[in-house]
1. If a residue must be surrounded by 15 or more Cβ atoms within 10 Å (Cβ to Cβ) and away from ligand 1 (no atom under 16 Å from the Cβ), how many such residues does the range 117-149 contain?
2. Scan the range 84-102 and tell me whether some residue there is closer than 15 Å to Arg194 by Cα, hydrophobic (A, V, I, L, M, F, W, C) and more than 14 Å from ligand 2 (Cβ to nearest atom).
3. Determine whether the range 47-64 contains at least one residue that is within 16 Å of ligand 2 (Cβ to nearest atom), in contact (Cβ under 8 Å) with a residue 12 or more places away in the chain and farther than 24 Å from Arg160 by Cβ.
4. With the requirement that a residue be within 16 Å of ligand 1 (Cβ to nearest atom) and either surrounded by 14 or more Cβ atoms within 10 Å (Cβ to Cβ) or within 18 Å of Gln95 (Cα to Cα) (or both), what does the range 163-194 give you?
5. Is it the case that Leu89 is closer than 14 Å to Val6 by Cα, in contact with a Phe, Trp or Tyr (Cβ under 7 Å, 6 or more places away or on another chain) and of a type in the set (A, V, I, L, M)?
6. Kindly evaluate Leu14 against the criterion of being crowded, with 18+ Cβ neighbours inside 10 Å and more than 26 Å from Asn167 (Cα to Cα).
7. Would you check which residues across the range 112-144 are part of a helix (DSSP H, G or I), under 19 Å from the mean Cα position of the chain (by Cα) and not hydrophobic (A, V, I, L, M, F, W, C) and list them?
8. Just need a number here: residues in the range 195-224 that are more than 9 Å from ligand 1 (Cβ to nearest atom), more than 18 Å from the chain's Cα centre (by Cα) and crowded, with 18+ Cβ neighbours inside 10 Å.
Amino acid sequence: MISVVVPIYNEEELIARFHEAVASAMDTARTQWEVVYVNDGSTDSSLELLRGLQHLDPHVVVVELSRNWGHMGAISAGLKTAHGAAVILMDGDFQDPPDVLPELINAWRDGAEVVVAVRRSRQERRKILAKLFPLFYRVMGTLSDYPIPLNAGIFSLMSRKTVDSINEMEEKNRYLPGLRAWVGYRNKVIFYDRQDRLAGDGKLSFVSRIKYAMDAITSFSYKPLRLSFALFAFATCMAAALALCMLLSKNSVGAAGFGVAATVFFVGGLLLLCLGVLGEYLGRVYDEVRSRPLSIISTVHRSQAMNVPQFGMIAAQAGTHQSQEATDAA
Ligand code: UDP
Ligand code: MG
(Lines give C-alpha, C1' and ligand atoms only; values in the text may rest on other atoms or scores of the structure.)
(Ligands and ions follow the chains in the order given, each with its own letter.)
Protein backbone atom coordinates (compact mmCIF):
# COMPACT_ATOMS: atom_id res chain seq x y z
CA MET A 1 0.00 0.00 0.00
CA ILE A 2 1.08 3.55 -0.69
CA SER A 3 0.07 6.41 1.63
CA VAL A 4 -0.29 10.03 0.59
CA VAL A 5 0.01 12.48 3.51
CA VAL A 6 -1.52 15.93 3.04
CA PRO A 7 -1.55 18.72 5.69
CA ILE A 8 -4.74 20.77 5.52
CA TYR A 9 -5.33 24.17 7.08
CA ASN A 10 -8.37 26.12 5.89
CA GLU A 11 -8.49 24.65 2.39
CA GLU A 12 -12.28 24.34 2.03
CA GLU A 13 -12.20 25.73 -1.52
CA LEU A 14 -9.81 23.04 -2.71
CA ILE A 15 -10.46 19.81 -0.81
CA ALA A 16 -13.00 18.22 -3.17
CA ARG A 17 -11.04 19.06 -6.34
CA PHE A 18 -7.78 18.03 -4.73
CA HIS A 19 -9.05 14.65 -3.60
CA GLU A 20 -10.51 13.94 -7.02
CA ALA A 21 -7.13 14.68 -8.64
CA VAL A 22 -5.19 12.56 -6.12
CA ALA A 23 -7.64 9.67 -6.40
CA SER A 24 -7.42 9.57 -10.18
CA ALA A 25 -3.59 9.72 -10.06
CA MET A 26 -3.44 6.92 -7.46
CA ASP A 27 -5.92 4.75 -9.36
CA THR A 28 -3.45 4.66 -12.27
CA ALA A 29 -0.72 3.35 -9.93
CA ARG A 30 -2.23 -0.19 -9.72
CA THR A 31 -1.70 -0.50 -5.97
CA GLN A 32 -3.67 -0.20 -2.76
CA TRP A 33 -3.56 3.32 -1.41
CA GLU A 34 -4.76 5.66 1.34
CA VAL A 35 -4.74 9.43 1.67
CA VAL A 36 -4.04 10.69 5.18
CA TYR A 37 -5.44 14.22 5.47
CA VAL A 38 -4.14 15.95 8.59
CA ASN A 39 -6.54 18.68 9.61
CA ASP A 40 -4.27 21.18 11.33
CA GLY A 41 -6.88 22.98 13.44
CA SER A 42 -8.75 24.50 10.47
CA THR A 43 -11.27 27.19 11.39
CA ASP A 44 -13.31 26.87 8.19
CA SER A 45 -15.33 23.83 7.07
CA SER A 46 -12.28 21.77 6.02
CA LEU A 47 -12.78 19.13 8.73
CA GLU A 48 -16.48 18.60 7.86
CA LEU A 49 -15.56 18.33 4.17
CA LEU A 50 -12.84 15.77 4.94
CA ARG A 51 -15.22 13.70 7.08
CA GLY A 52 -17.75 13.87 4.27
CA LEU A 53 -15.12 12.62 1.80
CA GLN A 54 -14.39 9.75 4.16
CA HIS A 55 -18.02 8.58 3.92
CA LEU A 56 -17.78 8.53 0.16
CA ASP A 57 -14.28 7.10 -0.23
CA PRO A 58 -12.78 4.49 2.14
CA HIS A 59 -9.27 5.44 0.97
CA VAL A 60 -9.55 8.59 3.10
CA VAL A 61 -8.02 8.73 6.59
CA VAL A 62 -8.58 11.93 8.57
CA VAL A 63 -6.24 12.93 11.39
CA GLU A 64 -7.59 15.70 13.54
CA LEU A 65 -5.04 17.75 15.48
CA SER A 66 -5.97 19.47 18.74
CA ARG A 67 -5.15 22.94 17.34
CA ASN A 68 -3.11 24.57 14.64
CA TRP A 69 0.41 23.19 15.04
CA GLY A 70 1.92 24.42 11.78
CA HIS A 71 3.01 22.72 8.56
CA MET A 72 5.80 20.57 10.09
CA GLY A 73 3.64 19.52 13.07
CA ALA A 74 0.89 18.37 10.71
CA ILE A 75 3.35 16.47 8.54
CA SER A 76 4.90 14.72 11.54
CA ALA A 77 1.44 13.55 12.67
CA GLY A 78 0.70 12.29 9.14
CA LEU A 79 4.00 10.39 8.93
CA LYS A 80 3.24 8.65 12.21
CA THR A 81 -0.27 7.68 11.05
CA ALA A 82 0.50 6.50 7.50
CA HIS A 83 0.76 2.73 7.09
CA GLY A 84 2.03 2.50 3.53
CA ALA A 85 5.14 0.69 2.33
CA ALA A 86 5.89 4.07 0.78
CA VAL A 87 4.65 7.46 1.93
CA ILE A 88 4.17 10.47 -0.35
CA LEU A 89 4.16 13.94 1.21
CA MET A 90 2.47 16.79 -0.61
CA ASP A 91 0.66 20.07 0.05
CA GLY A 92 -3.08 20.26 -0.53
CA ASP A 93 -3.17 23.38 -2.71
CA PHE A 94 -2.11 21.91 -6.10
CA GLN A 95 1.33 23.54 -5.81
CA ASP A 96 2.63 19.99 -5.74
CA PRO A 97 0.75 18.68 -8.79
CA PRO A 98 -1.03 15.32 -8.28
CA ASP A 99 -0.22 14.25 -11.84
CA VAL A 100 3.45 13.85 -10.78
CA LEU A 101 2.50 11.05 -8.34
CA PRO A 102 2.86 8.15 -10.85
CA GLU A 103 6.41 9.35 -11.64
CA LEU A 104 7.33 9.31 -7.92
CA ILE A 105 5.88 5.81 -7.54
CA ASN A 106 7.67 4.45 -10.63
CA ALA A 107 11.02 5.75 -9.35
CA TRP A 108 10.39 3.98 -6.02
CA ARG A 109 9.47 0.77 -7.84
CA ASP A 110 12.76 1.08 -9.73
CA GLY A 111 14.60 0.85 -6.41
CA ALA A 112 14.91 4.37 -4.95
CA GLU A 113 14.21 4.63 -1.22
CA VAL A 114 13.63 8.38 -1.36
CA VAL A 115 12.29 10.18 -4.42
CA VAL A 116 12.61 13.95 -4.14
CA ALA A 117 10.55 16.21 -6.40
CA VAL A 118 12.76 19.21 -7.23
CA ARG A 119 11.27 22.44 -8.58
CA ARG A 120 12.49 23.07 -12.12
CA SER A 121 10.51 26.29 -12.19
CA ARG A 122 8.27 28.07 -9.73
CA GLN A 123 5.25 30.29 -10.13
CA GLU A 124 4.76 32.49 -7.10
CA ARG A 125 2.37 35.41 -7.15
CA ARG A 126 3.95 36.86 -3.98
CA LYS A 127 6.93 38.71 -5.43
CA ILE A 128 8.88 38.93 -2.17
CA LEU A 129 8.75 35.15 -1.73
CA ALA A 130 9.75 34.61 -5.36
CA LYS A 131 12.96 36.54 -4.52
CA LEU A 132 13.53 35.05 -1.06
CA PHE A 133 13.25 31.35 -1.99
CA PRO A 134 16.31 31.30 -4.34
CA LEU A 135 18.25 33.34 -1.75
CA PHE A 136 17.38 30.84 0.98
CA TYR A 137 18.48 27.87 -1.13
CA ARG A 138 21.76 29.63 -2.05
CA VAL A 139 22.53 30.30 1.65
CA MET A 140 21.51 26.75 2.57
CA GLY A 141 23.71 25.29 -0.18
CA THR A 142 26.72 27.26 1.10
CA LEU A 143 26.22 26.71 4.82
CA SER A 144 24.91 23.15 5.02
CA ASP A 145 27.38 20.62 6.47
CA TYR A 146 25.52 17.84 4.65
CA PRO A 147 24.46 17.70 0.95
CA ILE A 148 20.72 18.40 0.75
CA PRO A 149 18.91 18.62 -2.62
CA LEU A 150 18.10 22.31 -3.08
CA ASN A 151 14.87 23.73 -4.53
CA ALA A 152 12.91 20.92 -2.92
CA GLY A 153 10.25 21.18 -0.23
CA ILE A 154 8.26 18.39 1.34
CA PHE A 155 6.99 16.99 -1.99
CA SER A 156 8.58 13.55 -2.09
CA LEU A 157 8.10 9.82 -1.67
CA MET A 158 9.83 7.99 1.17
CA SER A 159 10.10 4.26 1.71
CA ARG A 160 8.87 2.69 4.94
CA LYS A 161 12.47 2.39 6.20
CA THR A 162 13.04 6.11 5.69
CA VAL A 163 9.75 7.06 7.36
CA ASP A 164 10.49 4.81 10.35
CA SER A 165 13.91 6.42 10.76
CA ILE A 166 12.43 9.93 10.63
CA ASN A 167 9.64 8.97 13.05
CA GLU A 168 12.26 7.80 15.55
CA MET A 169 13.89 11.21 15.63
CA GLU A 170 12.38 13.32 18.33
CA GLU A 171 13.95 16.63 17.40
CA LYS A 172 11.45 19.44 17.62
CA ASN A 173 12.64 22.03 15.12
CA ARG A 174 12.52 19.87 12.04
CA TYR A 175 13.65 20.63 8.53
CA LEU A 176 12.21 17.65 6.71
CA PRO A 177 14.02 18.10 3.36
CA GLY A 178 17.26 17.96 5.37
CA LEU A 179 16.32 14.96 7.53
CA ARG A 180 15.10 13.06 4.48
CA ALA A 181 18.52 13.47 2.86
CA TRP A 182 20.42 12.97 6.12
CA VAL A 183 18.89 9.51 6.66
CA GLY A 184 21.01 8.60 3.67
CA TYR A 185 19.13 5.91 1.72
CA ARG A 186 19.35 5.85 -2.06
CA ASN A 187 17.87 9.10 -3.37
CA LYS A 188 16.45 9.85 -6.77
CA VAL A 189 15.50 13.30 -7.97
CA ILE A 190 12.70 14.04 -10.40
CA PHE A 191 11.86 17.52 -11.72
CA TYR A 192 8.51 19.28 -11.86
CA ASP A 193 7.13 22.73 -12.53
CA ARG A 194 5.68 24.20 -9.36
CA GLN A 195 2.41 26.01 -9.97
CA ASP A 196 0.87 28.82 -7.98
CA ARG A 197 -1.75 27.71 -5.42
CA LEU A 198 -5.07 27.08 -7.15
CA ALA A 199 -7.28 29.07 -4.74
CA GLY A 200 -7.07 31.04 -1.50
CA ASP A 201 -4.00 32.64 0.04
CA GLY A 202 -0.85 30.99 1.38
CA LYS A 203 -1.40 29.91 4.98
CA LEU A 204 2.14 30.20 6.32
CA SER A 205 2.97 33.54 7.93
CA PHE A 206 6.18 35.38 7.09
CA VAL A 207 7.42 34.85 10.66
CA SER A 208 6.86 31.08 10.47
CA ARG A 209 8.78 30.98 7.17
CA ILE A 210 11.73 32.80 8.76
CA LYS A 211 11.64 30.35 11.68
CA TYR A 212 11.60 27.43 9.23
CA ALA A 213 14.60 28.87 7.39
CA MET A 214 16.46 29.27 10.70
CA ASP A 215 15.55 25.68 11.66
CA ALA A 216 16.96 24.51 8.34
CA ILE A 217 20.28 26.32 8.79
CA THR A 218 20.79 25.65 12.49
CA SER A 219 19.92 21.95 12.28
CA PHE A 220 22.23 21.25 9.35
CA SER A 221 25.11 23.65 9.83
CA TYR A 222 27.71 24.35 12.48
CA LYS A 223 29.10 27.19 10.41
CA PRO A 224 27.22 30.04 12.16
CA LEU A 225 28.62 28.78 15.49
CA ARG A 226 32.11 28.74 13.99
CA LEU A 227 31.90 32.29 12.67
CA SER A 228 33.61 33.48 15.88
CA PHE A 229 36.75 31.53 14.96
CA ALA A 230 36.96 33.26 11.58
CA LEU A 231 36.43 36.64 13.25
CA PHE A 232 39.05 35.77 15.88
CA ALA A 233 41.58 35.04 13.14
CA PHE A 234 40.75 38.37 11.47
CA ALA A 235 41.01 40.32 14.77
CA THR A 236 44.37 38.70 15.60
CA CYS A 237 45.81 39.57 12.17
CA MET A 238 44.58 43.14 12.57
CA ALA A 239 46.11 43.36 16.06
CA ALA A 240 49.45 42.06 14.75
CA ALA A 241 49.44 44.52 11.81
CA LEU A 242 48.58 47.46 14.08
CA ALA A 243 51.26 46.44 16.60
CA LEU A 244 53.79 46.43 13.75
CA CYS A 245 52.63 49.89 12.65
CA MET A 246 53.06 51.05 16.25
CA LEU A 247 56.67 49.78 16.38
CA LEU A 248 57.54 51.34 13.02
CA SER A 249 55.81 54.64 13.70
CA LYS A 250 58.18 57.58 14.24
CA ASN A 251 55.46 59.83 15.57
CA SER A 252 54.68 59.14 19.26
CA VAL A 253 50.99 60.24 18.98
CA GLY A 254 50.53 57.94 15.97
CA ALA A 255 52.28 55.08 17.82
CA ALA A 256 49.93 55.53 20.79
CA GLY A 257 46.90 55.43 18.42
CA PHE A 258 48.17 52.22 16.78
CA GLY A 259 48.82 50.76 20.23
CA VAL A 260 45.28 51.43 21.45
CA ALA A 261 43.76 50.01 18.24
CA ALA A 262 46.01 46.90 18.45
CA THR A 263 44.91 46.35 22.07
CA VAL A 264 41.23 46.66 21.13
CA PHE A 265 41.60 44.09 18.34
CA PHE A 266 43.66 41.79 20.58
CA VAL A 267 41.15 41.82 23.45
CA GLY A 268 38.22 41.53 21.00
CA GLY A 269 39.97 38.57 19.39
CA LEU A 270 40.37 36.84 22.76
CA LEU A 271 36.65 37.30 23.47
CA LEU A 272 35.77 35.90 20.04
CA LEU A 273 38.03 32.92 20.70
CA CYS A 274 36.15 32.23 23.94
CA LEU A 275 32.82 32.57 22.11
CA GLY A 276 34.03 30.11 19.47
CA VAL A 277 34.99 27.57 22.15
CA LEU A 278 31.56 28.03 23.77
CA GLY A 279 29.98 27.54 20.34
CA GLU A 280 31.77 24.22 19.91
CA TYR A 281 30.41 23.02 23.25
CA LEU A 282 26.95 24.32 22.41
CA GLY A 283 27.00 22.47 19.08
CA ARG A 284 27.79 19.23 20.87
CA VAL A 285 25.08 19.79 23.48
CA TYR A 286 22.67 20.45 20.60
CA ASP A 287 23.69 17.17 18.96
CA GLU A 288 23.01 15.28 22.18
CA VAL A 289 19.64 16.96 22.77
CA ARG A 290 18.38 16.23 19.24
CA SER A 291 19.41 12.62 19.81
CA ARG A 292 19.68 11.72 16.15
CA PRO A 293 21.11 8.21 15.87
CA LEU A 294 24.84 7.83 15.21
CA SER A 295 24.10 5.62 12.23
CA ILE A 296 21.16 3.93 10.57
CA ILE A 297 21.37 0.32 9.46
CA SER A 298 19.60 -0.33 6.18
CA THR A 299 19.62 -4.13 6.08
CA VAL A 300 21.54 -6.81 7.96
CA HIS A 301 22.55 -9.68 5.71
CA ARG A 302 23.40 -12.77 7.70
CA SER A 303 23.50 -16.42 6.82
CA GLN A 304 20.66 -18.53 8.29
CA ALA A 305 23.13 -20.60 10.32
CA MET A 306 24.42 -17.58 12.25
CA ASN A 307 22.29 -16.54 15.17
CA VAL A 308 23.53 -13.60 17.21
CA PRO A 309 20.63 -12.58 19.45
CA GLN A 310 22.55 -9.86 21.33
CA PHE A 311 23.14 -7.84 18.19
CA GLY A 312 20.12 -5.56 18.66
CA MET A 313 21.16 -4.76 22.21
CA ILE A 314 24.72 -3.92 21.25
CA ALA A 315 23.54 -1.68 18.44
CA ALA A 316 21.08 0.08 20.73
CA GLN A 317 23.78 0.70 23.33
CA ALA A 318 26.05 2.15 20.64
CA GLY A 319 23.33 4.63 19.71
CA THR A 320 22.60 2.86 16.44
CA HIS A 321 19.07 2.80 15.07
CA GLN A 322 17.98 -0.25 13.10
CA SER A 323 15.14 -0.09 10.60
CA GLN A 324 12.29 -2.59 11.04
CA GLU A 325 13.60 -4.67 8.15
CA ALA A 326 16.97 -4.92 9.85
CA THR A 327 15.33 -5.97 13.09
CA ASP A 328 13.29 -8.61 11.30
CA ALA A 329 16.38 -9.87 9.51
CA ALA A 330 18.27 -10.03 12.81
N1 UDP B 1 -0.78 24.12 6.31
C2 UDP B 1 -0.94 23.45 7.51
N3 UDP B 1 -0.80 24.17 8.68
C4 UDP B 1 -0.48 25.49 8.69
C5 UDP B 1 -0.26 26.14 7.45
C6 UDP B 1 -0.41 25.42 6.28
O7 UDP B 1 -1.25 22.27 7.55
O8 UDP B 1 -0.38 26.07 9.78
C9 UDP B 1 -0.95 23.35 5.06
C10 UDP B 1 -1.75 24.04 3.96
O11 UDP B 1 -3.12 23.74 4.05
C12 UDP B 1 -1.13 23.46 2.69
C13 UDP B 1 0.33 23.24 3.11
O14 UDP B 1 0.34 23.18 4.52
O15 UDP B 1 -1.70 22.23 2.34
C16 UDP B 1 1.24 24.35 2.62
O17 UDP B 1 0.78 25.60 3.06
P18 UDP B 1 0.86 26.89 2.15
O19 UDP B 1 0.37 26.59 0.77
O20 UDP B 1 0.18 28.01 2.85
O21 UDP B 1 2.42 27.17 2.13
P22 UDP B 1 3.26 27.77 0.89
O23 UDP B 1 3.00 26.88 -0.29
O24 UDP B 1 2.73 29.14 0.70
O25 UDP B 1 4.68 27.71 1.36
MG1 MG C 1 1.27 26.31 -1.00
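The values are calculated or read from the model by the stated rules, or taken from the named source; none is laboratory data. Here the structure is a predicted model, which means the values were calculated and not measured. Cβ placement follows ideal geometry from the backbone for every residue including glycine, while neighbour counts extend to all protein chains displayed.
1. Kept after step one, since they are surrounded by 15 or more Cβ atoms within 10 Å (Cβ to Cβ), are these residues of the range 117-149: 117-119, 122, 124, 129, 132-133, 136-137, 140, 143-144, 148-149.
Next, from what is left, pick out any that are away from ligand 1 (no atom under 16 Å from the Cβ): 143-144, 148-149.
Count: 4.
2. Yes.
3. Of the range 47-64, the ones within 16 Å of ligand 2 (Cβ to nearest atom) are none.
The answer is no; no qualifying residue exists.
4. Arg174, Tyr175, Leu176, Pro177, Tyr192, Asp193, Arg194
5. Taking the combined requirement at face value, the residue satisfies it.
6. Numbers: crowded, with 18+ Cβ neighbours inside 10 Å: yes; more than 26 Å from Asn167 (Cα to Cα): yes.
Criteria met by Leu14.
7. The initial filter retains those residues of the range 112-144 that are part of a helix (DSSP H, G or I), namely 127-143.
After this cut, where a residue has to be under 19 Å from the mean Cα position of the chain (by Cα) as well, the list is 129, 132-143.
The answer is Pro134, Tyr137, Arg138, Gly141, Thr142.
8. Of the residues in that region, 0 qualify.
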